[in-house]
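Presented below is the structure to which this report refers.
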Amino acid sequence: MLTSKQRAILRAQANSLDVVFQVGKGEIGEALIKSTDDCLAARELIKMKVLENSPYSTREAADILAEKTGSECVQAIGSKFVLYRQKEKESRYAALLK
């Protein structure tokens, strides 16, 4: 579980990130979950967007994907949200979060 200070640090790091995936009008399926999981394994911190025609709110999509991928929702603002999952080895953010 992230503290509020750790969330603030990760939010600052996420400002410069580009959106890597979009949640569209379809359900959050296995393909999106797998892609998100793979991306988290490689990058640790990712930004995603929920399109207007999606049946999910930003918070709902963030919570579903965080639960399915074992990550944490750092932030959900407007149509974008940020997920974080620390790597076992060679974490880029471990030193910042201490």
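What number, in nm² with one decimal, is the all-direction average of the projected area of the convex hull of the alpha-carbon atoms of region 1-55?
The orientation-averaged projected area of the Cα hull of region 1-55 comes to 4.7 nm².
Annotation for the chain: GluC sites (Glu not before Pro) lying in DSSP loop with at most 13 further Cβ atoms inside 10 Å of their Cβ are Glu27, Glu52, Glu88, Glu90. Kirkwood radius, the chain, all distinct C-alpha pairs, inverse of mean reciprocal distance: 13.5 Å.
Here the dipole of the chain is about 440 debye; that uses its Cα centre as origin and unit charges on the Cβ of Lys and Arg (positive) and Asp and Glu (negative).
Karplus-derived 3J(HN,Hα) values for region 45-52, using 6.51 cos²θ - 1.76 cosθ + 1.60 with θ = phi - 60°, are 10, 9, 10, 10, 10, 9, 6, 4 Hz; glycine and proline are entered as x.
How many lysine pairs does the chain hold where the Cα atoms are under 13 Å apart and the two sit 8 or more places apart or on different chains?
Working: Lys5/Lys98; Lys25/Lys49; Lys34/Lys68; Lys47/Lys80; Lys49/Lys80.
Going through the chain pair by pair, I get 5.
Computed from backbone phi with θ = phi - 60° and the Karplus coefficients 6.51, -1.76 and 1.60, the 3J(HN,Hα) list for region 18-33 is 8, 5, 9, 9, 10, 9, x, 6, x, 5, 7, x, 4, 5, 5, 5 Hz; x is used for glycine and proline.
What's the FRET efficiency of Lys98 with Arg43 using the Cβ-Cβ distance as r and R₀ = 25 Å, to the nearest 0.05?
Once rounded, the FRET efficiency stands at 0.80.
Karplus-derived 3J(HN,Hα) values for region 60-73, using 6.51 cos²θ - 1.76 cosθ + 1.60 with θ = phi - 60°, are 4, 4, 4, 5, 5, 5, 5, 5, 5, 9, x, 10, 10, 7 Hz; glycine and proline are entered as x.
No value in this document is a laboratory result; all are computed from the given coordinates. All values reported here derive from a predicted model rather than from experimental measurement. Counting neighbours? That spans all protein chains shown, and the Cβs are built from the backbone with ideal geometry, glycine included.
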